[in-house]
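Contents: one structure, followed by commentary.
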Amino acid sequence: MSSRRKMPGETVTRRALIAATAVLGAGAPALAQQPPQASRVKGPLVWLDMDQQDLDDAYDQSVYAPNLDQILKRCARNSELVRERLGAPKRFAYGPTTIEALDVFTTRVPNAPVSIFVHGGAWRVGLAKNYAYAAEMFVDAGAHYVVPDFNNVLEAGGDLMVMAEQVRRAVAWVYRNAKSFGGDPERL
């Protein structure tokens, strides 16, 4: 990663922005990893300054975080450890299908704020149970921690709107039901 600062007037390409986001989202070990910069001939631009290969790479997190499998295993293990310390979360359904449920880690503080963590996974993978690792920090600070499950893009037949609707309903459920688990619906 270059330490050179962006000068006023310079533009940031979409690819650079996605790479930086992927690196930040993957954690410190990925900082040393960079997407392949071998010179290749770009194909026709499909979106902004990206050709089809750039777009495909943007949706393949392993391009930017070759240690992705290790990171996901660490998230899952750290989540197991948090559940051992805090206990199992309360599980609530927010919709009619099995996947439409969410995990709620509660704090003892009455009328506490609620943090809703919508996990990542490149729209293809990820379950709430593997994102419990941050719950302890919120609970100890006096906030409830909620992680919804939702379909992945493959299960939704490629329709991202299915996922967006599920996340919207999960957030609406938390707002309507926050008081039932000691949360303040006005502080989501």
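Within 10 Å of each residue's Cβ, count the other Cβ atoms and sort 50, 161 from fewest upward.
Working: 50 19, 161 9.
Ordered by Cβ neighbours within 10 Å, fewest first: 161, 50.
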Using the number of other C-beta atoms within 10 angstrom as an exposure proxy, rank 90, 129 with the fewest first. 90, 129
Hey, which aspartates and glutamates would be in cross-link range of residue 129, C-alpha to C-alpha under 16 Å, not counting anything within fewer than 8 residues on its own chain? 80, 84, 100, 103, 149
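When every alpha-carbon pair in region 78-181 is counted, what percent end up more than 18 Å apart?
Numbers: 2427 of 5356 pairs.
Here the long-distance tail beyond 18 Å is 45 percent of all Cα pairs in region 78-181.
What does the extension gain come out to for residue 93 and residue 188, with contour length at 0.36 nm per residue minus their alpha carbon separation?
On the way: separation 95, 0.36 × 95 = 34.20 nm, distance 1.84 nm.
Difference between extended and current length: 32.4 nm.
Quick one: which of 93-99, 116-122, 142-148 comes out on top by average Cβ neighbours within 10 Å, and what's the full order, highest first? Walk me through the numbers before you get to the answer.
Details: 93-99: 13.1, 116-122: 15.6, 142-148: 23.7.
Output ranking for 93-99, 116-122, 142-148: 142-148, 116-122, 93-99.
Of the beta bridges DSSP finds with both residues in region 78-181, what % are antiparallel, to the nearest 5?
On the way: 8 of 11 bridges.
So the antiparallel bridges amount to about 75 percent of the total.
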Separation of region 39-107 and region 112-188 by C-alpha centroid, Å? 13 Å
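If R0 is 41 Å, what FRET efficiency do you get for residue 52 and residue 140 from their C-beta distance, rounded to 0.05? Don't skip to the end; give the middle numbers.
Values: r = 46 Å, r/R0 = 1.12.
E(calc), rounded to 0.05, equals 0.35.
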If R0 is 35 Å, what FRET efficiency do you get for residue 155 and residue 175 from their C-beta distance, rounded to 0.05? 0.85
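Taken together, the values in this text are just the output of simple stated rules run on the coordinates, not laboratory data. What you are looking at is a predicted structure, and each value in this text was computed from that prediction instead of being measured. All Cβ positions, even for glycine, are placed from backbone atoms using ideal geometry, and neighbour counts span all protein chains on display.
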